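The values are calculated or read from the model by the stated rules, or taken from the named source; none is laboratory data. Keep in mind that this is a model prediction, so the values were computed, not measured. Cβ placement follows ideal geometry from the backbone for every residue including glycine, while neighbour counts extend to all protein chains displayed.
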Amino acid sequence: MAENKTIQTKKSHKDFRKGLDIFLFLLPAILLFVGILIAPIIVSVYRSFQDWNGFSEGTFIGFENYKELFTNGSIKWMVALKNALILAFFSVFVQLPISLLLALLLGRKYKGERFFLSVYFMPVLISTVVIGQLWLKIYNPDYGLLNTALDALHLSDFKHVWVGEVETALGSVIVPTVWQYIGYHMLLMYAGVKGVSPDLREAAMIDGATNWQVDRYVVIPIIKPVIRTSVIFAVTGSLKTYDLVRILTEGGPFQTTEVPSTLLENMLFLRNRYGMGSTISVMLILLCFAFSLAISAAFKEKD
Amino acid sequence: MQLEERYTLKKSNPAIKVLVYILLVIWAFINLFPIYFMFTFSLKSNEEIFGKNIIGLPKEWLWSNYVSAMKTGNMGLYFFNSVLVTVFSIAISIMAAMMATYALTRIKWKAAGFTNAFFMLGLTIPLQASIVPVYVVLSKLHWLNHYSTLIIPYSAFTLSMSILICTGFMVDIPYDLDEAARIDGCGLWGTFFRIIAPLLKPALSTIGIYAFLQCWNEFMFANVFISDSKHRTLPVGIKALSGQHTTDWGPIGAALVIATFPTLLVYIFLSRKIQDSFIAGAVKG
Amino acid sequence: MKMKRVVSTVLAGMMAFSLAACGGAPAAQAPAAEAPAAEAPAEEKKEEAPAEENKEEAPAEEAAASDEPITLSMWCIATESDSNRHSYEAAIADMQELYPNVTLEWEAFENQSYKTKIKAAVSADEMPDIFFTWSCAFLGDFVDAGKVYCLDDVYQNYKDELPVVMLGNSTYEGKHYGVPLTMNIVGLFANMEILKEAGYDEIPGTYEDFIKCCDDLKAKGIIPFGCAGKETWCVTEYLESVIEKSIGAEELNDVFVNGATWKNQGIADAVDTFQELVTNGYFDPAGIGLTNDEVKANFMAGKYAFYMNGTWNCADFAADENFKDKVKVSEFPVINADKAKLGQLIGGPSDTLAVAASSPNAERAADYAMELGKYICHYGYLDGCGLPAWTPYGDTSAVNELTQTVADIVANADSMVLFGDTAQNADDANTYLSYVDQVYGCQIDGKGFIEGLANDIR
């Protein structure tokens, strides 16, 4: 506050000096950010108004790509969007609660806390190729662990070609995706939980609160900003999900498990429809941004 | 210390505690299984991987998979490249992020909030969308096939995340410190380098881990931007182990182990640091 | 001894049958296929033609003036574990002796990611001097954009060794742009040990017998076909063969390449025929959730009687000690003898080398690519990776038996239609694949297939 006032009363060349400093502090970040991220987006927006195959001359077609994206059923944009939203739903309402629970438990100084923390984060560090191969072995219709287990339990009726049938394919992708990143969010939240001052805990405990009550009424409100960040990551991450879908289902069967990123890649590099690919990426950025704003707003309202 | 003990004693309801422990241990096993799977996978032949023996120990321990991954697959070089690219990307990203965050949170100016939101836009951008535009620019600048070809885009893509984490840490540092520094005659730069940056040490390992995740397994940029195998990174190198119509999965497993195990070890080392720094931070806050 | 005969018949056969030609040339018998090559340039001069001629002349002078050492770069997909790796290495070693002044720097990339890579490189004009590509539509897009060096001049020196029909898939507007390497067709592989269990010593030659054989296998509890539903191209290997043997090669080629309408009752009926095979339970129901690697492993482990896939598998099957004596390869039987006949195959030269128009040494690169292609083809054939697009030379008796059988089939071939996903342009091919996927999953019938495709293909 005091700092603010003193600066305000200084002469204008001081203001200029401050502006220059701010600029210099921001310069490396701005250069990287604008050069590598923003400029390509501007190019993408420009290309999204074109019919362009990636190497010849493009032709300007206005909003035709956007129109086609929503009207041409064979592009499967709505299917992809729906799948991404379903995944986002499971991320927020299944994955995050588990992460939070683990973070809270580990925050209570259990013996071996560090060991558990390290182990739970490991799936995040392991290449998606390995995770994908592992789950393919679990889902394999002939010798997969899941079907073998069902046989052993005399539940053969529940056997499925998990990644190949329309009813089960999406679920088969969601389970590993949700599982793999539990550790990721747990670590974020654990950081928050550990940041809660022990005094506050103490005070609540002395007032006779149980562990759960402390978590619910003291810890969770304090780490709310962390939870907000996690929710934003979970949702934008779901909208951009890609790896496991490619490995487990390739968007099949009958393109029922396509997600925006697989469509994007198909358009850009398989179908040579660079213009349409750009349109999808612009839509994806808009969606992610809109969701981030909406989530931030929702958290603010609750405050 | 006394209080602390009482508080641990009080919470313990033995039955629940044991139950929670059992759950934690089961969950730990579920999360350790992929590592076991990867390791055994790397020692099997295609025959065992597809059908005969999917999760058991290998019947024949094919250490030769490692030999072929290292020799023909050249994983040693790719590993070195990956380390180099990742380390420099993280370093640049952290430096740029700390400076930017300092300007955004500790200097008062009008457009700070807007600029911050602008940087957060980066969290939403899908990588695939920028491949061709970035590639065209890099090619015009004759800037392909260097380590820096990957380092710069990677640090740009991790920047938003780094700024986000830095912000969290930086707002926790008391503003009195800035003022004390000012009174001691430090300028903005002096305050940043002498006071703020050293205090952000706990943030480093957190940013490091999250930035690492984005760089280490990145495939799309590495595939397109790098065309000579001297500068190839692990993900592209591993992918190049599969053929058009035939793939020998054993060496791929071995390459994945080579790519993953060192990082797991480093992580275990780092995760200690993270926890320590958090506990330290908690006491002060 | 047997081999000599094979070689000569391969040659004779290749001259006689026709290959589907890209870029609007009609799929006709051999003489006709040659015709557009001669006529088209006169008919239609493309804009870039003069510019290209200028480009060609400038380096030509340099090359003639001095044979100074140059470095050429090449990208391909012959990764360490690819079956073609050895043929590339051997060919490049030979080339080093032949062209001591040329240093070749080559890099191999994984198949799927290479498609992304090469397209981005073409966009940014960052192609290497020589690059691997798939013929027909894939290369065609680059040619349309004027990014590929025309090989007509260089080809004159290789006319005798490379039959012009083999260039059909890389000829656009009558000009040649690609050096074909090996070629492959779809083969019907059979596990004879399993067939024997159902009482068959040979792969049935007529469709009726074939279906009866499938029924017998089914009755024994053996699954006739394995097919990877997760990789739609594997389904097309079956479906395209069924369609071709129902409506004949010419009609199918017209639809794939020459823009004939998909609204073809013959195709609808053929698709229904294929779907009958599916609904009759001839296909492994688990196949919809499997990758080709898994299905192939199943076939080699004796789970299926038949496996229809590219003849590039020959090398792998022949290399497996336990399996090589059990497996035989044949051609899919004729379904409608009025329109189709034996010898109408799916396949053709697809693997191709091309030269970048932007290369500073384009002419020498073109010459080098031609020679290199010849050697890669030679060694690839010896290794059993496929059949030669170039006239084979030297002692080829070491070629494995499966590949020899395939060579026999090709030698007697009548005509070939290129794989549908290679023949059609990228956008159409993917639309086509998504419909094939739906056919295999019985989401749509033949009528839905032709109507949907007629609607959706632009």
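The single condition among (1) facing chain A (nearest Cβ under 10 Å); (2) within 18 Å of residue C:351 (Cβ to Cβ); (3) among the small types (Gly, Ala, Ser) that residue C:135 does not satisfy is (1).
Residues checked against (1) over 30 Å from residue C:125 (Cα atoms); (2) in a helix (DSSP H, G or I); (3) hydrophobic (A, V, I, L, M, F, W, C); (4) modelled with pLDDT of 90 or more:
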{"site": "A:30", "(1), (2), (3), (4)": "no, yes, yes, yes"}
{"site": "A:54", "(1), (2), (3), (4)": "no, no, no, no"}
{"site": "A:82", "(1), (2), (3), (4)": "yes, yes, no, yes"}
{"site": "A:86", "(1), (2), (3), (4)": "yes, yes, yes, yes"}
{"site": "A:98", "(1), (2), (3), (4)": "yes, yes, yes, yes"}
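Looking only at residues of the range B:61-88 that are under 18 Å from residue B:150 (Cα atoms) and of a type in the set (A, V, I, L, M), we find that the one that is farthest from the other protein chains (Cβ to nearest Cβ) is B:84.
Residue B:189 fulfils the conditions (1) at pLDDT 85 or above; (2) within 30 Å of residue B:265 (Cα to Cα) except for a single criterion, (2).
Among residues that are touching a helix residue (DSSP H, G or I) at 6+ places or on another chain (Cβ under 6 Å), assigned to a helix (DSSP H, G or I), under 23 Å from residue B:66 (Cα atoms) and not hydrophobic (A, V, I, L, M, F, W, C), residue B:251 is included. Can you confirm whether the range B:43-65 contains a residue that is in a helix (DSSP H, G or I), acidic (Asp, Glu) and under 30 Å from residue C:293 (Cβ atoms)? Yes; the residues of the range B:43-65 include at least one that is in a helix (DSSP H, G or I), acidic (Asp, Glu) and under 30 Å from residue C:293 (Cβ atoms).
Number of residues in the range C:311-349 that are farther than 23 Å from residue C:420 by Cβ, within 14 Å of chain B (Cβ to nearest Cβ) and of a type outside the set (Asp, Glu): the value is 6. Among the helices (runs of 4 or more DSSP H) confined to the range C:246-340, the ones with at least 1 residues that are touching a Cys at 6+ places or on another chain (Cβ under 8 Å) are located at C:265-279, C:292-300, C:313-319. Out of contact with any Phe, Trp or Tyr (no Cβ under 6 Å at 6 or more places or on another chain), at pLDDT 90 or above, under 29 Å from residue C:233 (Cα atoms) and not in a loop (DSSP other than H, G, I, E, B), is that true of residue C:133? In short, yes.
Restricted to the range B:227-253, and to residues there that are among the β-branched types (Val, Ile, Thr) and more than 21 Å from the chain's Cα centre (by Cα), the residue that is surrounded by the most Cβ atoms within 10 Å (Cβ to Cβ) is B:252. Looking only at the range C:359-393, count how many residues are in a loop (DSSP other than H, G, I, E, B) and either in the same structural domain as residue C:319 (by TED's automatic domain parsing) or under 19 Å from the mean Cα position of the chain (by Cα) (or both). Count: 7.
Selection of the range A:119-149 for residues being free of Cβ contacts under 8 Å to residues at least 60 places away in the same chain, among the polar types (S, T, N, Q) and either buried (at least 22 other Cβ atoms within 10 Å of the Cβ) or part of a loop (DSSP other than H, G, I, E, B) (or both) yields A:127, A:140, A:147. Counting the residues of the range A:89-118 that are under 17 Å from residue A:238 (Cα atoms) and buried (at least 21 other Cβ atoms within 10 Å of the Cβ) gives 4. Of the candidates A:257, A:262, the single residue that is more than 12 Å from chain B (Cβ to nearest Cβ) and either surrounded by fewer than 23 Cβ atoms within 10 Å (Cβ to Cβ) or out of contact with any strand residue (DSSP E or B) (no Cβ under 9 Å at 6 or more places or on another chain) (or both) is A:257.
The residues of the range C:65-86 that are in a strand (DSSP E or B) and of a type in the set (A, V, I, L, M), listed by number, are C:70, C:72, C:74. Among residues of the range B:95-138 being among the hydroxyl-bearing types (Ser, Thr, Tyr) and within 30 Å of residue A:279 (Cβ to Cβ), the one that is surrounded by the fewest Cβ atoms within 10 Å (Cβ to Cβ) is B:115.
The set of residues from the range A:277-297 being over 17 Å from the mean Cα position of the chain (by Cα), modelled with pLDDT of 90 or more and either within 22 Å of residue A:177 (Cα to Cα) or more than 9 Å from every other protein chain (Cβ to nearest Cβ) (or both) comprises just one member, A:279. Inside the range A:111-144, can you point out the residues that are more than 22 Å from the chain's Cα centre (by Cα), more than 20 Å from residue C:292 (Cβ to Cβ) and facing another protein chain (nearest Cβ under 7 Å)? Hits for the range A:111-144 are A:114, A:116.
Do you know which residues across the range B:222-240 are part of a helix (DSSP H, G or I) and more than 13 Å from residue B:86 (Cβ to Cβ)? Hits for the range B:222-240 are B:223, B:224, B:225, B:229, B:230, B:231, B:236, B:237, B:238, B:239.
Scan the range B:2-13 and give yes if some residue there is modelled with pLDDT of 85 or more, in a helix (DSSP H, G or I) and away from chain C (no Cβ under 14 Å), otherwise no. No.
No other residue among B:149, B:86, B:101, B:115 is in contact (Cβ under 8 Å) with a residue 40 or more places away in the chain, farther than 30 Å from residue C:126 by Cα and either touching a Leu at 6+ places or on another chain (Cβ under 6 Å) or not small (Gly, Ala, Ser) (or both) apart from B:101. How many of the residues in the range B:89-109 are more than 9 Å from chain A (Cβ to nearest Cβ), of a type in the set (A, V, I, L, M) and within 24 Å of residue B:146 (Cα to Cα)? Within the range B:89-109, residues that are more than 9 Å from chain A (Cβ to nearest Cβ), of a type in the set (A, V, I, L, M) and within 24 Å of residue B:146 (Cα to Cα) number 3. Residues in the range B:109-131 that are modelled with pLDDT of 85 or more and assigned to a loop (DSSP other than H, G, I, E, B) were compared, and the one that is farthest from residue A:291 (Cα to Cα) is B:109.
Residues that are surrounded by fewer than 18 Cβ atoms within 10 Å (Cβ to Cβ), of a type outside the set (Gly, Ala, Ser), under 26 Å from the mean Cα position of the chain (by Cα) and in the same structural domain as residue C:178 (by TED's automatic domain parsing): does the range C:67-85 have at least one? Within the range C:67-85, none of the residues are surrounded by fewer than 18 Cβ atoms within 10 Å (Cβ to Cβ), of a type outside the set (Gly, Ala, Ser), under 26 Å from the mean Cα position of the chain (by Cα) and in the same structural domain as residue C:178 (by TED's automatic domain parsing).
When the residues of the range C:112-130 are filtered to those that are assigned to a helix (DSSP H, G or I) and surrounded by fewer than 20 Cβ atoms within 10 Å (Cβ to Cβ), the one that is nearest to the other protein chains (Cβ to nearest Cβ) is C:115. Pairing residues of the range A:150-177 that are facing chain C (nearest Cβ under 9 Å) with residues that are in a helix (DSSP H, G or I) and not hydroxyl-bearing (Ser, Thr, Tyr), at Cβ distances under 6 Å and at least 6 apart in sequence or on separate chains, gives A:161/C:286; A:161/C:288; A:161/C:289; A:163/A:169; A:163/A:248; A:163/C:289; A:164/C:288; A:164/C:289. Taking each residue of the range C:270-287 that is closer than 25 Å to residue C:337 by Cα and within 14 Å of chain A (Cβ to nearest Cβ) and looking for partners that are assigned to a helix (DSSP H, G or I) and among the small types (Gly, Ala, Ser) with beta-carbon atoms closer than 6 Å, six or more apart or interchain, yields nothing.
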